[in-house]
Structures are given as structure tokens and as C-alpha cells.
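Trainee: Submitted below is the structure of interest, expressed as C-alpha cells.
The values are calculated or read from the model by the stated rules, or taken from the named source; none is laboratory data. Please read all numbers here as calculations on a predicted model, not as lab measurements. Note that each Cβ is placed from the backbone with ideal geometry, even for glycine, and that neighbours are counted across all protein chains shown. SASA here: full protein model, heavy atoms, side chains in, ligands and nucleic acids out. Shrake-Rupley method; radii C 1.70, N 1.55, O 1.52, S 1.80 Å.
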Amino acid sequence: MTPEKRAQYWGANLRLLTVLLIIWFAVSYGLGILLVEPMNAFSLGGYPLGFWFAQQGSIYVFVALIFIYAASMNRLDKKFDVGEE
Amino acid sequence: MTALEIWTYGIVGLTFATYIGIAIWARARTTGDFYVAGGGVHPVANGMATAADWMSAASFISMAGMIAFGGYGGSVFLMGWTGGYVLLALLLAPYLRKFGKFTVPEFIGDRYYSQTARVVAVICLILASVTYVIGQMTGIGVAFSRFLGVSYEMGIIVGMGIVAIYAILGGMKGITYTQIAQYVVLIFAYTVPAVFISLNLTGNPLPQIGLGSEYARDGVASGMTLLGKLDQVVTDLGFKEYTTQVMGSSLNMFVYTLSLMIGTAGLPHVIIRFFTVPKVRDARYSAGWALVFIAILYTTAPAVGAMARLNLMDTIQIGPVGSETGNLVYDERPDWFKRWETTGLLKFEDKNNDGRIQYYDDQNAEFASKAEQEWGWKGNEMVTVNNDIMVLANPEIAQLPAWVIALVVAGGLAAALSTAAGLLLAISSSISHDLLKGVFIPKISEKAELLAGRLAMIGAIVLAGYLGLNPPGFAAGTVAIAFGLAASSIFPALMMGIFAKRMNSLGAVAGMIAGITVTLLYVFQHKGIFFVKGTEFLMPELGMGPDWFFGISPNAFGAVGALVNFVVAAVVSKLAAPPPEHIQHLVEDVRIPRGSGTATGH
């Protein structure tokens, strides 16, 4: 593998990480803590929305993020041909 | 024997027999078996084992209670103890799996080409893991002594004996397969009562939906949401509104959540579980599966907390607040109340001698003075309502059958045993593999190392048992401290090892020492030096009162320690040369999945 390819693969990985970690931060620290009061003006079923993000929603998003990461990295491994046999 | 005791002995006995059966079947024959279960664990199976490894007595027994009384503020535990898996999956697990060795200090030692770094990592690991294991031991002792009619000491000895059988015989292999069984036990035990209670209060069997549904006790519609009802019930008695009650301040919640997340990702007993899967891609998916299995409990917990709180309030406040017959007559209290009074977890004191129970927030000055003038209340009479009661007594409060209560006992024991076993393996492998083979006798034969691993395991079990029998008086706070230590020392060292190619040995060691020192100092300042009462050294006259650092509580301080670690490491690393060429190659290599074999010790 050439150093350029290597750098491209790593760069793509870092971009993916950045996007996913921004979402990770936004749903928990953002909607669940910092913006919880304005969010609570809305509701989801019987949940105030900010409260829902803090006690339910963020956890569901966390699960989704890991599977999105795993699937995207598998694609990336194939594209750059660095996956395991 | 009562029916409850028969059920409890039956179910707990059955689960213990299963664990021993697995131990005999999954014996370790090589060091690979002992440290990483041979490296061939299916990612879903590993996810399940990780979930049990992770969810401790604190998650199972205490967390719902912390949410019940913390309300919205309890969210820090929910987000903090799950969000860490995102960090673990994205930033550590796949790369460490690619590195393909047996222990966490081994990565730190190799990456920073330094025995010093490895030994510092071993010390951080042992500090974090030993403090964590004490909490599991006390959990086991408490579960035995309350439900099985044996003494606390006997409980710990029996629990230790069970762990010893499968951890010594099977190492990681035995632990992995028992953890899978333990996950099944604990998740049933947690969700079954929650489903019953959710059905009872909202008519919806899914607690996650029930918590956001209409309050309809026994099918009678109320026109109010369950959370709305709970908010009303608690504020009527002067308590803070459930859905908006914060823990300390927004900043404290932010930092606390961050500390728990970073700490979760840095706990060695969780990280080593990802060394057991065959491939890098398995490590990625396995973290996702682990979080699925964890999320089943963690999304149920807030419903358990809120519903148990509502049930408790309704049991005591039986009529309108302030009316003459609005409060439960003490002599008419239910049986579970009496049972839990004998354990000291519930305590009543009739302050105004009216024979009825007044349970309200007497710290709320305005409400307390109104209650005294208008109704003659002389203070909150429920002087103790322990957090743990919310899970342990929950089935009884909801009048569920005896087998459900027995299941909860088996579940609590499974949670404590599975976590204890994982921690004990992390401790014993760091001793036999990192210290003995890594530092003292590098030429040790595989057979001798396997024996050393087993001996280290025995030593770790004896130490954990001893600390469980003689808890150092700070047992309750210890789990939180373990997170602070892992967050401030291990997580930054691992992350920089992967993402900062220029990070060198000097920077990493300085960072770890600075991070753990700052965290320990802040904790000791609040809770005493090594938790010895009377040695606290808060200095209010110098502006160092309780939570002096921006109102951050000591349990939430790990994130600050981690920040110190990162900054010190970055600055100090500039003082020395970049790592040698072969180390930079090693970093390049862990960043790419191709070429991962099974984990090896060489």
C-alpha cells in the first residue's frame, strides 16, 4: 500500500469519525443537557422531548452510530482493499 | 422455609449450577484460552458477554434508584454509561484488536516502547479495577444476606467460591461463556418486573413506551401522562419536579456525563473483551451488539425508576396532601415495608406523633413551614429511603409473585458475579502477563505462565474477598472513583497511542501520572486521603470549598483529569524526540485492519 493511499484511507476514517462524533455530542450533550429546557417545550408521546433525549433517545442514537460506523468502515476497507480476508 | 425462600434458593441454585457446568466445559488449555478465550468468540456472543461484564451491581441494583430520586438529573448515568461505547467502538476497540495482544498495559508498553509506561499502566489498571471490584463484592454480600438468610460474610465466601471455580479453570474462556448465561439471567430479572409494573400503571407492556404513556393505574384512565402525574405527586410534597430536576448544575451534569463516558471507554476489563473476537471488523460490530444488549436494560431503567418512585409515593400519600387521613397509618404499612425496615434501608421516625407517615421534602423551606403551620408536620418522617430499594423491593411494592422476587435476586447476583469475574481477569492478567512475563521473567514458558495466571487469579480473588469482608468504609463511592481513574489515565494514553503518531514515551507517562494525580487529589480533598475520614483537606478560606472547581463534584472529575492528561502529554512530548521509526510503523499498522491474526502474547 502506498503512503498516499494510506493517508487517504486514514483521512476518510477521520472524516467519518468526526461526523459521527458530532452527532454523538449533539444528541446527548446538546439536546439532552445544554438545550434540554427549550427542547422540553416539545413533547413526544407523554415525554417532554429534552427529557426523552436524555433518558431514551440518545441511547438509541448511540446504538445506531456504532452500526453505521461498522458498516461504513467495512465499505471503506473494501474500497481501499485493506480489509481482512 | 417460606415460599419466597424456596423460590430464591431454587432459582439462585439453578443459575449457580449452570455457571459451574460451564466452568467444567470451558477449561483453558493455553495462555490464549486463559487471556482471550482463544480469540474465536462470535461478535454477537462477545457483545452479550461484554454487556454482562459491563453491567455491574451498580447498574442492576442502584441505578434505577439513583434515577428515581434524581429524576432528570439521573440521566448522567444513562447517557454516560452508554455513550462511552461509541467512543470505545470508534476510537479504541478495532485498533487495539488489530494490535492483537493480551492486555491493555501491553499495548501501552509496546506503543510507548517503555517498561515504565507499561508499569504505570498496570498501576492505573489495578487501582481502577480493585476499587471497582469492592463494589461487586459488597453487592454479592448484600444480596445473599437479605434474601438467602445467610450472613453477609458467608455470602461473599460463596460468591467468591463460584467465581473461583470458573475463573481459575477457564480464565477468559470460562468467564466469557458464564457471562453469556449471566446476561440472560440478569436481563430477564430486570425486564420481567418492569413489564408487569408498566402494564399495571399504563396498560403498555413495553416500559420504554409506558414511561411516555398515559397514567392509567389498573386500567383506569386519568387524562394525565405518567410523567405529568409523577411531577405533580412529587411537587405537591415539596420535592423538585421530576422531569426537570438537575444534578448540581448543567455544567456538572455535562462534565459528569463526559467523565462516565471516557471512563467507560477506558476500563480495561471492558477493553480486553474485544481481544476475544476473531477479526477487526468483528470488534466493530461486537461493540454495537454490546450496546444493544446494554440498551435493553438502560432504556428500561428510567421507567423502573419513575414507576417505582410513583408507587412509593402513592403507598405513603394515600389521600390529598394535607387532609387528615391523607397519610398512611404506620401500623397499617404493608408487609414489604416491614421487611425492608429490618434491613435499615427504610427507616421511619414519627416526628409529630400522629401515627401516620409524612414523606415530603423538608429541605424545601417554604413547603416545610407551610406544612408545619397548616398540618402540623414536624419534618420528613421517612428518614432513610435507600436507592437500592427501588429495584430490590420493586416487585414487592407492585405485589408481584414470589418467583419474580427470586429472579431479581438471581439477576443481581449475576450482574455482580459477571463484573467481578471480568475485573479479576483484568487484574490477574496484568500481573501474570505484564509484570511477571513482561518485566521480570520474559523467558517464562507458556505452561508456567498459564500456571502463574491461575495463581494470580487466586490472589486477586482472595484480595477482592478480603476487601469485600472488610470494606474500607467508602464502598459506596468506589465505582464512581474507578471511572475517574480510568478516564484520567488509561483512555487518553490509548487514544493518543492510536491517533497521535508523534506522541512519545515521555509525554504519555507524564500525561498518565498528571491525569491520575489531579483526579485523586480532588477526590481525596473531598473524601479524605485514601478515603480515611478526617483527612479531607478542603480549604474554603482559599476558595476551595466543596465542589470548588466550577461546581464540579469529585465523582465527575475524571473528565478534567483526562483533559489535564491530554494537555500535559502534548506539551511534555515536545521536550523529547518523536518515537523511533519502528513505533511509527506500528501505529500505521494498527490503523489498518489487514493482517490481523488472533491475539497472541508474542
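Trainee: Could you calculate the FRET efficiency of B:Ser250 with B:Thr315 from 1/(1 + (r/R0)^6), where r is the beta carbon distance between them and R0 is 30 Å, rounded to 0.05?
Mentor: My answer for the efficiency is 0.35.
Trainee: Heads up, I need the accessible area for B:Leu251: 1.4 angstrom probe, whole protein in place, Å², nearest 10.
Mentor: 80 Å²
Trainee: Also, I was wondering about something else. Of B:Leu211, B:Ala283, B:Gly159, which is farthest on the positive side of the dipole of chain B, counting Cα position, with +1 on Lys and Arg Cβ, -1 on Asp and Glu Cβ, and the Cα centre as origin?
Mentor: Working it through, the farthest residue towards the positive pole turns out to be B:Ala283.
Trainee: Tell me, what is the 1.4 Å probe accessible area of B:Arg502, in Å² to the nearest 10?
Mentor: Here the accessible area works out near 100 Å².
Trainee: Nearest 20 debye, what's the magnitude of the dipole of the protein assembly as shown about its Cα centre given +1 on Lys and Arg Cβ and -1 on Asp and Glu Cβ?
Mentor: In debye, rounded to 20, the protein assembly as shown gives about 2820.
Trainee: May I pose another question? Would you compute, from DSSP H runs of 4+ residues alone, the mean residue ellipticity of chain A at 222 nm, taking -39500 (n - 2.57) per run and dividing by the full residue count, rounded to the nearest 500? Let's see the in-between values first.
Mentor: Numbers: 4 runs with 53 residues, N = 85.
It comes out at -20000 deg cm²/dmol, rounded to the nearest 500.
Trainee: If you don't mind, another one. So how tilted is helix A:3-25 from the main axis of chain A? Cα-based, degrees 0 to 90, rounded to 10.
Mentor: It is inclined by approximately 10 degrees.
Trainee: Suppose we take every Cα in segment B:172-306 and form the convex hull; what volume per residue is that in Å³? Don't skip to the end; give the middle numbers.
Mentor: Numbers: hull volume 18.3 nm³, N = 135.
Dividing the Cα hull volume of segment B:172-306 by its residue count gives 135 Å³.
Trainee: Where Rh is the Kirkwood radius over the Cα pairs of segment B:1-134, the temperature 25 °C and the viscosity 0.890 mPa s, what D in µm²/s does Stokes-Einstein return?
Mentor: Calculated translational D: 132 µm²/s.
Trainee: Still on this structure: Using the Karplus curve 6.51 cos²θ - 1.76 cosθ + 1.60 with θ = phi - 60°, work out ³J(HN,Hα) for each residue of segment B:191-200 in order, rounded to whole Hz, and write x for Gly and Pro.
Mentor: Each residue's phi maps through the Karplus curve to give 7, 4, x, 5, 5, 4, 5, 5, 4, 5 Hz.
Trainee: Using a Cα-Cα cut-off of under 28 Å, which lysines could be cross-linked to A:Lys5, ignoring same-chain neighbours fewer than 8 residues away?
Mentor: A:Lys78, A:Lys79, B:Lys98, B:Lys101, B:Lys279, B:Lys501
Trainee: Rounded if a/c is under 1.5, else prolate if a/b is larger than b/c, else oblate: which is segment B:1-76, with a ≥ b ≥ c the root eigenvalues of its Cα gyration tensor?
Mentor: oblate
Trainee: Across segment B:60-75, in residue order, what do the Karplus-derived ³J(HN,Hα) couplings come to in whole Hz, using 6.51 cos²θ - 1.76 cosθ + 1.60 with θ = phi - 60° and x for Gly and Pro?
Mentor: So the Karplus estimates, Gly and Pro as x, are 6, 8, 9, 4, 4, x, 5, 6, 4, 9, x, x, 4, x, x, 4 Hz.
Trainee: For chain A, give the percent of accessible area contributed by carbon and sulfur heavy atoms, probe 1.4 Å, rounded to a whole number.
Mentor: Solvent-exposed carbon and sulfur of chain A make up 70 percent of the total.
Trainee: For segment B:339-473, I need the span (max minus min coordinate) of the C-alpha atoms along each principal axis, in Å, sorted largest to smallest.
Mentor: Taking the Cα atoms of segment B:339-473, the three principal extents are 80, 37, 21 Å.
Trainee: So, with +1 on the Cβ of K and R and -1 on the Cβ of D and E, and no other charges, what is the size of the charge dipole of chain B about its Cα centre, to the nearest 20 debye?
Mentor: 2720 debye
Trainee: Something else about it: Looking at the square roots a ≥ b ≥ c of the eigenvalues of the Cα gyration tensor of segment B:29-108, which shape do they give, rounded for a/c under 1.5, prolate if a/b is larger than b/c, or oblate?
Mentor: Verdict is prolate for segment B:29-108.
Trainee: A further question follows. Which of the lysines could a cross-linker span from B:Lys229 if the Cα-Cα distance has to be under 16 Å and same-chain partners fewer than 8 positions apart are dropped?
Mentor: Qualifying lysines at Cα under 16 Å: B:Lys240.
Trainee: Still on this structure, please answer the following. How much of the accessible area of chain B, probe 1.4 Å, is carbon plus sulfur, in whole percent?
Mentor: Details: 13190 of 20500 Å².
Looking at chain B in its full context, I get 64 percent from C and S.
Trainee: For segment B:474-593, report the accessible area per residue in Å² (1.4 Å probe, heavy atoms, rounded to an integer).
Mentor: 41 Å²
Trainee: Using 10 Å bins from zero, what percent of all Cα-Cα pairs in chain B falls into each bin?
Mentor: For chain B, the binned pair fractions read 3, 17, 26, 26, 16, 8, 3, 0, 0 percent.
Trainee: Taking a point 7 angstrom from the Cα of B:Ile529 along the C-beta vector, which residues in segment B:116-145 have backbone N less than 20 Å away?
Mentor: Zone members listed by number: B:127.
Trainee: Using a simple spin-label model with points 7 Å from Cα along the Cα→Cβ vector, what separation in nm is obtained for A:Ala12 and B:Val220?
Mentor: The two pseudo-label positions are separated by 6.3 nm.
Trainee: Let me ask something else about it. Search the structure for amide H atoms under 5 Å from the amide H of B:Met544, placed 1.01 Å from N in the peptide plane, and list their residues when 5 or more places away or on another chain.
Mentor: B:Met539
Trainee: With Rg and the Kirkwood Rh both taken from Cα atoms, where does Rg over Rh land for segment B:148-195? Intermediate values should be presented prior to the final figure.
Mentor: Details: Rg = 13.5 Å, Rh = 12.3 Å.
That ratio is 1.09, to two decimals.
Trainee: Could you work out how far helix B:402-429 tilts from the main Cα principal axis of chain B, as a 0 to 90 degree angle to the nearest 10?
Mentor: 30 degrees
Trainee: Sequence-distant or interchain residues sharing an amide H contact under 5 Å with B:Ala216, placed H: which?
Mentor: B:Thr202
Trainee: So, one more: Can you give me the angle between helix A:58-79 and the longest principal axis of chain A, using Cα atoms only, in degrees from 0 to 90, rounded to the nearest 10?
Mentor: Result, in degrees: 10.
Trainee: Buried accessible area between B and A (1.4 Å probe, both chains summed, ligands and nucleic acids excluded), in Å² to the nearest 100?
Mentor: Its buried surface, counting both partners, is about 4400 Å².
Trainee: Give the ranking of B:Ile583, B:Ile458, B:Ile126 by solvent-accessible surface, highest area first, calculated with a 1.4 Å probe.
Mentor: Ranked list, largest accessible area first: B:Ile458, B:Ile126, B:Ile583.
Trainee: Among B:Ala3, B:Ser596, B:Ile24, flag the residue with its Cα farthest along the positive direction of the charge dipole of the protein assembly as shown, charges on Cβ as +1 for Lys/Arg and -1 for Asp/Glu.
Mentor: B:Ser596
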